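Right, one structure below, let's go through it.
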Amino acid sequence: MIPNQSWSLFFGLLAALILTTCLGPEAKAETAPSVHIDNFTFTPQEITITRGTTLTWVNDDDIPHAIAATNKAFRSKAMDTEQKFSFTFTEPGTYEYFCSLHPHMQGKVIVKE
Amino acid sequence: MTIKDDNERQRKVLLDRREALTCMTWAGTGLLWAMNGGAPLTKGLIGDAYAAPAPKEFTFVQISDSHIGFNKPANPDAMGTLKEAIAKIKALPVQPAFMIHTGDISHLSKDEEFDNADQLIKEAGLPVFYVPGEHDVIDDGRGQSYRTRYGKNAHGSGWHSFDYNGVHYIGLVNVMDLKAGGLGNLGDEQLTWLEKDVSSLSSSTPLVVFAHIPLWTVYPEWGWGTNDAAKALSTLKRFGSLTVLNGHIHQIMQKVEGNAVFHTARSTAFPQPAPGTASSPGPMKVPAGELRNYLGIASVSFVANSKPLAIMDAALSANPAL
């Protein structure tokens, strides 16, 4: 009986591990889409999200950056390394944005219904 | 023209190039760098500038991009290198009349960063004239902190002018209200002020214009230029001597166009890559022992009756001081 119990425990743990590994990142990505800034570049440069989603920009660069929508819908303070800025998109549409410190850096958010 | 003439001319060109390369070697060691009306510096001018200074000669010094608050691997001690730059200024054999700082005094526009910069810069014991860089206007008040400290006698977001010994100096601000995909920006209000500022000056008055982002298009892919600089330069084109001093790109660049000499200074904090040589203009990491070859100050000499102003860049590593 003891070996059987051990096997059950083993398979149980294995199943839990597989579930965590497979579902974890996907579930995370759905709830918290993000744009990373590094090397003076937004990645992804274009992102599509659904209405009501909160998008977070994360500055991974060793220089401060700031986010500004071309249509002025949103604007962040300067973000130093590792700092973040979030904005919740309640209206569908295409939002072009740039770095207000380095305006050659540009990105786009597409918000769908 | 005979073949012999051609050969003669070619030899002369080569010689001139060799002379120019000699100067470039000096530049590489950070000792001396100068220019004269579009041609590389000749020995004659070095002689003129050093051996026989005119009675009215004076110098001022430019520092730039001290980025106090920056602490990343490209230079974990931006305070230390600014301190070295100030020591270099104090060691100049002829003390400059004043100092200009072409922006990015701070890294994040924080009060303690400005305080720390001020503490070090005042050690030089010189009057200092500032223009802001984009790093100096990222506080909540979009430059309020900068303007309270450095803009008391300035207009708008911090532009101003002054006269010293027959030369008219104009500090311009091109880091505000930057547009998507664009370059530096002066704006109509400042351009109108500029027209008025120079309207009563004689065209023979030498002008020195300083601003943070280059007023000539160095590399638009990295935003290294100013959208409406052409309008400003058009206002200034009647002047016989125009020297334009900028920072922002953390390296020496020069261009001569007509009567205008454009020059960018090194940073006192960290170097940036040459245009197009890296995927981005981010801080360039160099071996620790070489950092001071890439940082430095610029000294500008005005010699009465000599049209171009001589600009000499000294690396922090250069020894002895200029």
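Here, each number is a calculation from the coordinates, and none is a lab measurement. Model, not experiment: these values are computed from the prediction. Here the Cβ is made from the backbone with ideal geometry for all residues, glycine too, and neighbour counts use every protein chain on show.
Identify, from the list A:Lys108, A:Lys77, A:Lys112, the residue that is basic (Lys, Arg), out of contact with any strand residue (DSSP E or B) (no Cβ under 7 Å at 6 or more places or on another chain) and over 23 Å from B:Ala74 (Cα atoms).
Working: A:Lys108 fails: out of contact with any strand residue (DSSP E or B) (no Cβ under 7 Å at 6 or more places or on another chain); A:Lys112 fails: out of contact with any strand residue (DSSP E or B) (no Cβ under 7 Å at 6 or more places or on another chain).
Going through A:Lys108, A:Lys77, A:Lys112 in turn, just one is basic (Lys, Arg), out of contact with any strand residue (DSSP E or B) (no Cβ under 7 Å at 6 or more places or on another chain) and over 23 Å from B:Ala74 (Cα atoms): A:Lys77.
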Within region B:246-260, residues assigned to a strand (DSSP E or B), farther than 15 Å from B:Val300 by Cβ and under 10 Å from the mean Cα position of the chain (by Cα) come out as B:Met253
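Taking region B:191-224, which residues are outside any loop (DSSP other than H, G, I, E, B), among the hydrophobic types (A, V, I, L, M, F, W, C) and more than 14 Å from every other protein chain (Cβ to nearest Cβ)? First the steps, then the outcome.
Step one: of region B:191-224, the residues outside any loop (DSSP other than H, G, I, E, B) are B:191-199, B:207-210, B:219-222, B:224.
Imposing the further condition that a residue be among the hydrophobic types (A, V, I, L, M, F, W, C) reduces the set to B:191, B:193-194, B:198, B:207-210, B:222, B:224.
The answer is B:Leu191, B:Trp193, B:Leu194, B:Val198, B:Leu207, B:Val208, B:Val209, B:Phe210.
Looking at region B:238-265 only, could you name the residues that are touching a His at 6+ places or on another chain (Cβ under 6 Å) and among the polar types (S, T, N, Q)? Step through it out loud before you land on a result.
Taking region B:238-265 and keeping what is touching a His at 6+ places or on another chain (Cβ under 6 Å), we get B:245, B:247-248, B:254.
Hit for region B:238-265 is B:Gln254, nothing else.
Tell me yes or no: at least one residue of region B:228-244 is in a loop (DSSP other than H, G, I, E, B) and either acidic (Asp, Glu) or within 14 Å of another protein chain (Cβ to nearest Cβ) (or both).
Residues of region B:228-244 in a loop (DSSP other than H, G, I, E, B): B:228, B:237-241.
Of the ones still in play, those that are also either acidic (Asp, Glu) or within 14 Å of another protein chain (Cβ to nearest Cβ) (or both) are B:228.
The answer is yes, given that some residue of region B:228-244 is in a loop (DSSP other than H, G, I, E, B) and either acidic (Asp, Glu) or within 14 Å of another protein chain (Cβ to nearest Cβ) (or both).
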Which condition from (1) buried (at least 19 other Cβ atoms within 10 Å of the Cβ); (2) free of Cβ contacts under 8 Å to residues at least 60 places away in the same chain is the one that A:Phe40 breaks? (2)
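So, in region B:95-132, exactly how many residues are aromatic (Phe, Trp, Tyr) and touching a Leu at 6+ places or on another chain (Cβ under 6 Å)?
So the first thing to find is which residues in region B:95-132 are aromatic (Phe, Trp, Tyr), and the list is B:98, B:114, B:129-130.
Now drop any that are not touching a Leu at 6+ places or on another chain (Cβ under 6 Å), which leaves B:98.
Within region B:95-132, residues that are aromatic (Phe, Trp, Tyr) and touching a Leu at 6+ places or on another chain (Cβ under 6 Å) number 1.
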Go through region B:137-176 and count every residue that is in contact (Cβ under 8 Å) with a residue 60 or more places away in the chain, among the small types (Gly, Ala, Ser) and buried (at least 19 other Cβ atoms within 10 Å of the Cβ). 1
Report, ordered by the first and then the second residue, all pairs with beta carbons closer than 7 Å, sequence separation of six or more or different chains, a first member in region B:177-195 that is over 18 Å from B:Asn246 (Cα atoms), and a second member that is among the hydroxyl-bearing types (Ser, Thr, Tyr). B:Ala180/A:Thr70; B:Glu195/B:Thr235
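Just the residues that are more than 7 Å from every other protein chain (Cβ to nearest Cβ) and touching a Gly at 6+ places or on another chain (Cβ under 9 Å), please, taken from region A:61-70.
Going through region A:61-70, the residues more than 7 Å from every other protein chain (Cβ to nearest Cβ) turn out to be A:65, A:67-69.
Of everything in region A:61-70, just one residue is more than 7 Å from every other protein chain (Cβ to nearest Cβ) and touching a Gly at 6+ places or on another chain (Cβ under 9 Å), namely A:Ile67.
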Tell me whether region B:110-117 contains one or more residues that are at positive phi and not acidic (Asp, Glu). no
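With the structure loaded, tell me whether B:Ala269 is small (Gly, Ala, Ser) and surrounded by fewer than 19 Cβ atoms within 10 Å (Cβ to Cβ) or whether it fails that test. If you could, list the steps in order and put the result at the bottom.
Values: small (Gly, Ala, Ser): yes; surrounded by fewer than 19 Cβ atoms within 10 Å (Cβ to Cβ): no.
Judged against the criteria, B:Ala269 is not a match.
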Can you name every residue in region A:78-113 that is part of a strand (DSSP E or B), of a type in the set (Gly, Ala, Ser) and either surrounded by 13 or more Cβ atoms within 10 Å (Cβ to Cβ) or in contact with a helix residue (DSSP H, G or I) (Cβ under 6 Å, 6 or more places away or on another chain) (or both)? A:Ser86, A:Gly107
When the residues of region B:259-281 are filtered to those that are of a type in the set (Gly, Ala, Ser) and in contact (Cβ under 8 Å) with a residue 24 or more places away in the chain, which remaining residue is nearest to the other protein chains (Cβ to nearest Cβ)? B:Ser280
Residues of region A:76-104 being more than 13 Å from chain B (Cβ to nearest Cβ) and of a type in the set (Ser, Thr, Tyr), in sequence order, are A:Ser86, A:Thr88, A:Thr90, A:Thr94
Those residues of region B:158-190 which are of a type outside the set (A, V, I, L, M), in contact with a strand residue (DSSP E or B) (Cβ under 8 Å, 6 or more places away or on another chain), more than 14 Å from every other protein chain (Cβ to nearest Cβ) and on the phi < 0 side of the Ramachandran plot, in sequence order: B:Trp159, B:His160, B:Ser161, B:Phe162, B:Asp163, B:Tyr164, B:His168, B:Tyr169, B:Gly171, B:Gln190
Counting just the residues of region B:104-117 that are acidic (Asp, Glu) and over 22 Å from B:Asn246 (Cβ atoms), which one comes out farthest from the other protein chains (Cβ to nearest Cβ)? B:Asp115
On the given criteria, is B:Leu309 crowded, with 18+ Cβ neighbours inside 10 Å, away from every other protein chain (no Cβ under 14 Å) and in contact with a Leu (Cβ under 8 Å, 6 or more places away or on another chain)? no
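I'd like the full set of residues that are in contact with a Phe, Trp or Tyr (Cβ under 9 Å, 6 or more places away or on another chain) and within 14 Å of chain A (Cβ to nearest Cβ), limited to region B:72-103.
If the condition is that a residue be in contact with a Phe, Trp or Tyr (Cβ under 9 Å, 6 or more places away or on another chain) and within 14 Å of chain A (Cβ to nearest Cβ), then B:Lys72, B:Ala74, B:Asn75, B:Pro76, B:Ala78, B:Gly103 are the ones that fit.
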